[in-house]
Amino acid sequence: MTEPQQKPRRGLPSVRHDFAREKASTYIDVLHRYRYEIVRRFATGKHLDFGCGTGYASRILADKMEYIGVDVDEEAIATAEREYSVYGKFFLIDGVTLPFDDDSFDCGSSIEVIEHIAKEQHEEYMRELMRVVKKGGAIIVSTPNRNYTVKRMKRRLLGWRNPFHHFEYSTSEFLRFIESMGIRIIEKHCIGDPLNLAGNRVSQTITKLLPSKWDEKLIRLDLQVGRVLPGSCSVVLIVGKVD
């Protein structure tokens, strides 16, 4: 593996996760752990987290694998090195090109990143992830569902859009895109949030009033509703294999 050099990013906006501003939020904490619990089931050996943000996932995954995280955000990588270096290695990258040799990793993930990248670069982004993961290795990718019910209502009634997102897929679009890249899908997870516990102040207040153990149980139940009501899901997570 070629060790990447730390260098200034250019050409791409930051893909730093929005959660960084809300990391004290119980909902955000549970949601990210929920997704990386799925990653844990498939990840092994040397693992690449493509768009690692401030590196929080390394603490969840490091006991099971060798964790390497990359991101284009200089401040996020500085935070990761300061707070999580005991759990893994972190590198600043420039754009969507990865400074690693082919087949350098046993598996890879990209959690809530692709929507931050201009749509015309999505194929290049995914091909880079596929290039560095060995054949037969698992790739886990997630992105917000454009047709999430609450989001549609906010767009229609308030004209709202997420200023950090360049392009969001619907569930069916995302499945077709992943399959078009030659990735064999082995699991699809529709992660719920029909109660909008993340974006609704009333819901946030209610969960804060609950005892902590019930707070997390309510949030996890809300996230699991997507299994039976896919139309209510806020996030789509795909587990695939590189053939």
* To do: With the checklist (1) farther than 26 Å from HIS116 by Cβ; (2) of a type in the set (A, V, I, L, M, F, W, C); (3) at pLDDT 90 or above in hand, flag the one item LEU209 doesn't pass.
  => (3)
* Asked: How about segment 85-99: which of its residues are of a type in the set (D, E, K, R) and under 17 Å from TYR67 (Cβ atoms)?
  -> LYS89
* To do: May I ask you to list the residues in segment 83-109 that are assigned to a loop (DSSP other than H, G, I, E, B) and of a type in the set (Phe, Trp, Tyr)?
  => TYR87, PHE100
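Listed here are the residues, each with its yes/no results for (1) modelled with pLDDT of 95 or more; (2) in contact with a helix residue (DSSP H, G or I) (Cβ under 9 Å, 6 or more places away or on another chain); (3) crowded, with 18+ Cβ neighbours inside 10 Å.
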position: THR2; (1), (2), (3): no, no, no
position: PHE19; (1), (2), (3): no, yes, yes
position: LEU31; (1), (2), (3): no, yes, yes
position: ARG59; (1), (2), (3): no, yes, no
position: GLU66; (1), (2), (3): yes, no, no
position: PHE90; (1), (2), (3): yes, yes, yes
position: ASP103; (1), (2), (3): yes, yes, no
position: VAL113; (1), (2), (3): no, yes, yes
* Asked: Under the condition of being buried (at least 20 other Cβ atoms within 10 Å of the Cβ) and in a helix (DSSP H, G or I), which residue from segment 170-205 is modelled with the lowest pLDDT?
  -> THR171
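Residue by residue, here is whether (1) assigned to a helix (DSSP H, G or I); (2) on the phi < 0 side of the Ramachandran plot; (3) polar (S, T, N, Q) holds:
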{"position": "GLN121", "(1), (2), (3)": "yes, yes, yes"}
{"position": "TYR125", "(1), (2), (3)": "yes, yes, no"}
{"position": "GLY137", "(1), (2), (3)": "no, yes, no"}
{"position": "VAL141", "(1), (2), (3)": "no, yes, no"}
{"position": "MET153", "(1), (2), (3)": "yes, yes, no"}
{"position": "ASN162", "(1), (2), (3)": "no, yes, yes"}
* **Given (1) in contact (Cβ under 8 Å) with a residue 24 or more places away in the chain; (2) closer than 22 Å to ARG161 by Cβ; (3) not hydroxyl-bearing (Ser, Thr, Tyr), number of the condition GLU120 does not satisfy** => (1)
* To do: Any chance you could count how many residues in segment 45-67 are in contact (Cβ under 8 Å) with a residue 40 or more places away in the chain and either assigned to a helix (DSSP H, G or I) or in contact with a Gly (Cβ under 9 Å, 6 or more places away or on another chain) (or both)?
  => 8
* Structure fact -> Every listed condition ((1) crowded, with 20+ Cβ neighbours inside 10 Å; (2) in contact (Cβ under 8 Å) with a residue 40 or more places away in the chain; (3) in a helix (DSSP H, G or I)) holds for ALA80 save (2)
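The values are calculated or read from the model by the stated rules, or taken from the named source; none is laboratory data. Note that the structure is predicted; figures quoted are calculated from it, not measured. Here the Cβ is made from the backbone with ideal geometry for all residues, glycine too, and neighbour counts use every protein chain on show.
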